[in-house]
1. Those residues that are loosely packed, with under 11 Cβ neighbours inside 10 Å and within 20 Å of residue 3 (Cβ to Cβ), I need them from segment 58-89; list them, please.
2. Residue 31 passes all but one of (1) of a type in the set (A, V, I, L, M, F, W, C); (2) in a helix (DSSP H, G or I); (3) modelled with pLDDT of 90 or more; which number fails?
3. Out of the residues in segment 51-75 that are small (Gly, Ala, Ser) and under 25 Å from residue 9 (Cα atoms), which is modelled with the highest pLDDT?
4. If residue 46 satisfies all but one of (1) in contact with a Lys or Arg (Cβ under 8 Å, 6 or more places away or on another chain); (2) not in a helix (DSSP H, G or I), what's the number of the condition it fails?
Amino acid sequence: MRQDYKKKTQDAVRRLEGLTVKLTKMLEEDAYCPQILQLVLAMQGHLKHIQVHILESHLHTCAERKLGSKAEKDAFIAELIKVIGLSKR
């Protein structure tokens with residue numbers, strides 16, 4: 001993973017960890033449901049942000065190597081389609 005993307009991803013994961021702690025506390029304290037839902041949506045946003053950083057890094061690093069030959073190119077594209085397809089669930 002490229003170092004700039006790795007740093008951004010690690011920062012986003014730390015923010016997500018903080019939100020997870022906050023979610024646990026809100027659940028324990030029986031917080032108002034819409035407030036909990038708002039926090040969960042924020043967490044989903046952070047996860048999407050993390051996904052983008054990982055995918056961009058992958059395209060900048062591994063794509064260069066994998067697109068060199070026809071066989072590797074086809075496998076690389078199939079792998080991305082599979083991963084992107086799974087993320088749409």
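The values are calculated or read from the model by the stated rules, or taken from the named source; none is laboratory data. Owing to the predicted nature of the structure, the values given are computational and were not obtained by experimental measurement. Cβ placement follows ideal geometry from the backbone for every residue including glycine, while neighbour counts extend to all protein chains displayed.
1. 64, 65
2. With (1) of a type in the set (A, V, I, L, M, F, W, C); (2) in a helix (DSSP H, G or I); (3) modelled with pLDDT of 90 or more applied to residue 31, the lone miss is (2).
3. 57
4. (2)
Results for (1) small (Gly, Ala, Ser); (2) free of Cβ contacts under 8 Å to residues at least 24 places away in the same chain; (3) surrounded by 13 or more Cβ atoms within 10 Å (Cβ to Cβ); (4) touching an Asp or Glu at 6+ places or on another chain (Cβ under 9 Å), shown as yes or no for each residue.
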position: 3; (1), (2), (3), (4): no, yes, no, no
position: 6; (1), (2), (3), (4): no, no, yes, no
position: 18; (1), (2), (3), (4): yes, yes, no, no
position: 27; (1), (2), (3), (4): no, yes, no, no
position: 48; (1), (2), (3), (4): no, yes, no, no
position: 56; (1), (2), (3), (4): no, no, yes, no
